[in-house]
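To start, the structure under review is shown below, and the notes come after it.
The values are calculated or read from the model by the stated rules, or taken from the named source; none is laboratory data. Here the structure is a predicted model, which means the values were calculated and not measured. A quick note on method: Cβ atoms are made from the backbone with ideal geometry, for glycine too, and the neighbour counts reach across all protein chains shown.
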Amino acid sequence: MKKNSNNRKKEVVRKISKLIYLLIATCYLLTVLACANPFFPPKKEKESGLKTPSVTWPDNIKVATWQETLGDVFAKGNGSSNVSGTFSWNNPSETITSGAAYSMTFTPKDADTYKSVNSNVTVTVMQNIEDGIKMVWIPAGSFQMGQEEAYATPVHEVTLTSGYYMGIHQITQKQWEEVMETTIQEQEAFTSWGLFGVGDNYPMYYVNWYEAVIFCNKLSEIEGLTPVYSINGETDPAVWIDDHGAIPISWDSTSEWNKIQIDPNSTGYRLPTEAQWEYACRAGTTTLYYWGDVTDAATVGAHAWYSGNASSTQVVGGKQVNAFGLYDMTGNVWEWCWDWYAAYTNTEKDDPVGASSGSDRVCRGGSWGNSVGFLRSAYRYNSGPYGRNRYLGFRVLRP
């Protein structure tokens, strides 16, 4: 009896084991069929369902410096989107060629709802001379122009309705030579006063106002921009010389050279107006100097080359920048402005360009030969447009 019971138990175990084996085999077979049989197609992944953001890609992106890389350029520009996110270059180390298109990505902040999108964006190089003119954007705005303590009165409100790009440095001797094809030594020969700083990165001096204007038009032509300045509608400086004689070296109120006009719709390089210069120098400050009201030697010397720390011009960019990122806005060399020199009035003004005529042009900023008082943001100086001296240079801007 006991023996029969044991046999039955063994039979049950045997049948259960066989059943388990069959189940395992069936599962294996179904797995194989699912991979190879069209009747068991692989399960599709769930569609992402991410939305496409509406993106307005940047246009008219302008590069300030020759041979910049994409990483040097503010990628967003005037781009926008209906959702929060960031614009970025896909190859930020790539060197820019003017007019070429470069791949950009917009990455939404809400990556669970929106997907990233790509597009090609065109970049324009603003200039191509080898030692490029680095520029920064100066936003539109209003300020109180003038200062009682700087003998620039009456103080009056000025509004600049459009922003502009301004060179962060004074024009250097190398930049001058590349555009004008003359050296500092050749310019000095007009005066025989000697040289006061020579080198590629020293500011250009011994430049009169007429020559600074010619530089602007020539650089505009190099860049394929619309020249700003004209005499009787002609923008080519070579024609000016042919038609009206050599660049003046003394004052002549009847000279056609004093009838140079601005084309307000031009895209080219130009001298700043006096208002543009002071607004850029102040960079939002209302103090005597763009660094404040402190005039101890250490503070002034950290921001400017002046008579307290220099006996000649110095390499540009060696002192602290102002809040707009501009170097040497005070000291090193004075800077020519567009305006005829004339007394201020106390009326509010939008985009002033100075008097319609005069005998002297405005200079701003002070120089290596001046004491600290001449470095005040509002301090005004004037010189005949024909004058060249060792203290006077310029910088440029463009819209």
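Numbers for the structure displayed
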quantity: Flag for Asp242 being at positive phi and among the charged types (D, E, K, R); calculated: no
quantity: Residue match in the range 296-309 (condition: part of a loop (DSSP other than H, G, I, E, B), under 30 Å from Ile247 (Cα atoms), at pLDDT 95 or above and out of contact with any strand residue (DSSP E or B) (no Cβ under 7 Å at 6 or more places or on another chain)); calculated: no
quantity: Considering residues of the range 207-225 that are part of a loop (DSSP other than H, G, I, E, B) and at pLDDT 95 or above only, the residue nearest to Ser357 (Cα to Cα); calculated: Asn208
quantity: Only one of Trp176, Trp193, Trp137 that is within 23 Å of the chain's Cα centre (by Cα), under 28 Å from Arg390 (Cα atoms) and among the hydrophobic types (A, V, I, L, M, F, W, C); calculated: Trp176
quantity: Residue in the range 343-366 that is closer than 25 Å to Thr172 by Cβ and in a loop (DSSP other than H, G, I, E, B) present; calculated: yes
quantity: Flag for Gly77 being at pLDDT below 75, surrounded by fewer than 14 Cβ atoms within 10 Å (Cβ to Cβ) and in contact with a strand residue (DSSP E or B) (Cβ under 9 Å, 6 or more places away or on another chain); calculated: no
quantity: Check on Ala302, within 16 Å of Met145 (Cβ to Cβ) and among the hydrophobic types (A, V, I, L, M, F, W, C); calculated: no
quantity: Options Val158, Val123; residue that is in a strand (DSSP E or B), in contact with a helix residue (DSSP H, G or I) (Cβ under 8 Å, 6 or more places away or on another chain) and at pLDDT below 95; calculated: Val123
quantity: The one condition in (1) within 30 Å of Tyr344 (Cα to Cα); (2) at pLDDT 95 or above that Ala150 fails to fulfil; calculated: (2)
quantity: Condition met for Ala298 (more than 25 Å from Asn389 (Cα to Cα) and among the hydrophobic types (A, V, I, L, M, F, W, C)); calculated: yes
quantity: Verdict on Ser266 being touching a residue at least 60 places away in the same chain (Cβ under 8 Å), outside any helix (DSSP H, G or I) and of a type outside the set (Asp, Glu); calculated: no
quantity: Filter result (small (Gly, Ala, Ser) and surrounded by 11 or more Cβ atoms within 10 Å (Cβ to Cβ)) within the range 343-360; calculated: Gly354, Ala355, Gly358, Ser359
